[in-house]
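Asks: Next up is a structure, given as structure tokens.
The values are calculated or read from the model by the stated rules, or taken from the named source; none is laboratory data. This is a predicted model, so every value here is computed, not measured. All Cβ positions, even for glycine, are placed from backbone atoms using ideal geometry, and neighbour counts span all protein chains on display.
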Amino acid sequence: MFAVIFTGGKQYLVEEGQSLHVEKLDAEIGTTITFDQVLMTAASDGQDVKIGTPFLEGTTVTATVDDQGRDKKIRVVKYKPKIRYKRANGHRQPFTAVTISKIS
């Protein structure tokens, strides 16, 4: 079974047992979290598709927090030609690594 969940302003296609990085969540490592904003569910063979308007009521996805961290650095450069203006900045986006344990 797989589902599409909405968290951190993004949508993720998930299956049971899958590990993924989502936008940072306030949860400690090893705790269980529940995603209740489920947009769609379907069986593994593509049958029994349920689509929410916008979310499915009574459907949840349970996951375990594996890690908290920061992604690779992104370099941002502002540059104006002919006037010797250049500014460089870096950014590392925080993330939460989760493993999907149950879709119900």
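Asks: Only residues that are part of a strand (DSSP E or B) and touching a residue at least 40 places away in the same chain (Cβ under 8 Å): list them for the range 1-15, please. Let's see the steps before the verdict.
Replies: First, pick out the residues of the range 1-15 that are part of a strand (DSSP E or B): 2-7, 10-15.
Within the range 1-15, Phe2, Ala3, Ile5, Phe6, Val14, Glu15 meet the criteria.
Asks: Looking only at the range 26-43, decide whether some residue is farther than 17 Å from Lys102 by Cα and surrounded by 12 or more Cβ atoms within 10 Å (Cβ to Cβ).
Replies: Residues of the range 26-43 that are farther than 17 Å from Lys102 by Cα, as a first pass: 26-29.
This time we only want the ones that are surrounded by 12 or more Cβ atoms within 10 Å (Cβ to Cβ), so: 27.
Yes, the range 26-43 has at least one match.
Asks: Within the range 58-66, is there a residue that is touching a residue at least 60 places away in the same chain (Cβ under 8 Å), farther than 17 Å from Gln93 by Cα and not in a strand (DSSP E or B)? I'd like the intermediate steps shown before the answer.
Replies: Going residue by residue through the range 58-66, those that are touching a residue at least 60 places away in the same chain (Cβ under 8 Å) are none.
No: the range 58-66 contains no residue that is touching a residue at least 60 places away in the same chain (Cβ under 8 Å), farther than 17 Å from Gln93 by Cα and not in a strand (DSSP E or B).
Asks: Kindly list the number of the only condition in (1) loosely packed, with under 15 Cβ neighbours inside 10 Å; (2) assigned to a loop (DSSP other than H, G, I, E, B) that fails for Lys86.
Replies: Result: Lys86 passes all but (2).
Asks: Would you mind stating whether Asp71 is at pLDDT below 95 and surrounded by 10 or more Cβ atoms within 10 Å (Cβ to Cβ)?
Replies: On the way: at pLDDT below 95: no; surrounded by 10 or more Cβ atoms within 10 Å (Cβ to Cβ): yes.
Answer is no for this residue.
Asks: How many residues does the range 44-68 contain that are under 15 Å from Gly17 (Cα atoms) and either touching a Gly at 6+ places or on another chain (Cβ under 8 Å) or hydrophobic (A, V, I, L, M, F, W, C) (or both)?
Replies: 4
Asks: Another question, if that's okay. Only one of Val49, Val38 is within 15 Å of the chain's Cα centre (by Cα) and β-branched (Val, Ile, Thr); which?
Replies: Working: Val49 fails: within 15 Å of the chain's Cα centre (by Cα).
That would be Val38, the only listed residue that is within 15 Å of the chain's Cα centre (by Cα) and β-branched (Val, Ile, Thr).
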